[in-house]
Amino acid sequence: MSAQTFKILVTGPFAAGKTSMIQSVSQTQVISTDVFTSGDESDVKSHTTVAMDFGTYGLEGDDTRLLLFGTPGQARFRFMTDILKGDVDVVAFVIDAEATETHAAAGVELRALLRDLRTPAVIAVNRCDDVTVARRLARSLGALDGEAVVPCQLIDPDSGREVVVEILLTLLASMESSKAEVA
Amino acid sequence: MQEVKALADGSRSLMTDGRQPLSGTPSDPSLTWTAPSRARSVMPPAPASSSVALAAPVAAMAAPTPSTGPSADPTAMLDELVETVEDVRAAILASVDGFGLARSSSMSDEASHPAMLAAAIGLARQLVAMGGGEQLRQLVIDHDGGLMLVWPLGDERVLAVLAATTVEQRRVRSFVQARAAWLSRAAS
């Protein structure tokens, strides 16, 4: 991988950890559109993304760059996902393992997104340390067997980097498989 | 406030009522979108024709508006804007996190409308930094069907006014400015 820029769509339900992930891994100042929450959502957290988050990640000694585009999580902001999802190379789908009430809708969303984009996905299962639990959850959401699943604690910056590593590996694998198809 | 005087009598009394809870609150910096003094001095006095045009809707409003005042609901205020300022078609009040708080009766109820306003203002605030500024005053969507003027009201709310291109922006602004502090915290 060299001299290449890849677009990563970071999406998933409200309060899953998307903004935290981008903020923890970005090497440039994150462009974020956080505002105060209101109503019931203010019981869950104080701020929420209303348009997008934007961060970047580059590999040292390599020209590979990831552009991370984070979406808002709530259904009312679906149009932002539609705007941001063009030409995406990998979908990073973030889900909070403990927020079980979000899982059903997240599954519908993930399946629709993957059907639509036909890009590989990395499922980041936040607030989860157990690979088996994370895999089971990812499968229940409709992730395919080959999809990368990362249990993580996105409150911890190192954990965000593990997700980025999976994204890079997924990119590498998809490039190799497309090369194989050409050959 | 000279513009206010240009409005017909009926609407002036509404203004006075609507302004009561606002006294002494123009300190909020996000409300300082007043047109630059250059524009202000260039403004001609309101043409006679527009006063005539205003007379009808204002008279029509006079009866059913005992609701204006501190307890007025924002929907009535947005309807008043549509009815009193020529070429204004609709208005929406939303929270910065994308919930609809009020809309004029002329506006359909679409969950995505307040969400789009929140997203647009969120992004516009970042674009202000790109432009070297610190505070977003106004967002203008100028399109083939008209104009959309979007203002942040304090830290928590957004107001969008949909109008024809021919609208006198100065009048919309003075109407909104007189009520901005109230709209920025009125109960939905």
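Neighbours of B:ILE92 by Cβ distance under 13 Å: Lys/Arg scored +1, Asp/Glu scored -1, total 0. Our note on the geometry: Cα centres of the range A:16-88 and the range B:97-139, 18 Å apart.
Taking the fewest neighbouring Cβ atoms within 10 Å as the starting point, the ordered list for A:ASP129, A:ASP96 is A:ASP129, A:ASP96.
Classification of the range A:12-166 by its C-alpha gyration tensor yields a rounded form. The axis ratio a/c (a ≥ b ≥ c) stays under 1.5. Label-to-label distance for A:PHE36 and A:ASP62 is 4.4 nm, based on points extended 7 Å past Cα in the beta-carbon direction. Kindly identify the range A:118-183 as rounded, prolate or oblate by the Cα gyration tensor criterion: order the square roots of the eigenvalues as a ≥ b ≥ c, call it rounded if a/c is under 1.5, otherwise compare a/b with b/c, prolate if a/b is larger, else oblate. Oblate is the answer for the range A:118-183, as a/c is 1.5 or above yet b/c matches or exceeds a/b. For chain A, modelled as a GNM whose springs connect Cα atoms under 10 angstrom apart, the maximal fluctuation among A:MET80, A:MET52, A:MET21 occurs at A:MET80.
Here the relative contact order of chain A, from alpha carbon pairs under 8 Å that lie six or more residues apart, stands at 24 percent. Quick check on my link table: of A:LYS18/A:LYS85; A:LYS7/A:LYS85; A:LYS7/A:LYS45, which ones sit more than 20 Å apart, alpha carbon to alpha carbon? Correct reply: A:LYS7/A:LYS45.
Fewest-first ordering of A:ILE95, A:ILE83 by other beta carbons within 10 Å of each residue's beta carbon gives A:ILE83, A:ILE95. A DSSP coil position with no more than 13 other Cβ atoms inside 10 Å describes the following trypsin sites (Lys or Arg not before Pro) in the range B:99-188: B:ARG185.
Here B:ASP142 and A:ARG161 are evaluated by their C-beta separation; at R0 = 45 Å the FRET efficiency comes out at 0.55. Determine, from the Cβ-Cβ distance of A:ARG127 and A:GLU176 and an R0 of 30 Å, the FRET efficiency 1/(1 + (r/R0)^6), rounded to the nearest 0.05. It comes out at approximately 0.40. When A:THR56, A:THR28, B:THR84 are arranged by Cβ crowding within 10 Å, least crowded first, meaning fewest neighbours, the order is A:THR28, A:THR56, B:THR84. What FRET efficiency comes out for A:ASP145 versus A:GLN4 if R0 is 30 angstrom and r is the Cβ-Cβ distance? Round to the nearest 0.05. According to the calculation, E is roughly 0.65.
Throughout, read-outs are computed from the coordinates displayed, never taken from laboratory work. The structure presented is a predicted model; accordingly, all values stated were derived computationally and were not measured. Virtual Cβ from ideal backbone geometry, glycine too; neighbours counted across all protein chains shown.
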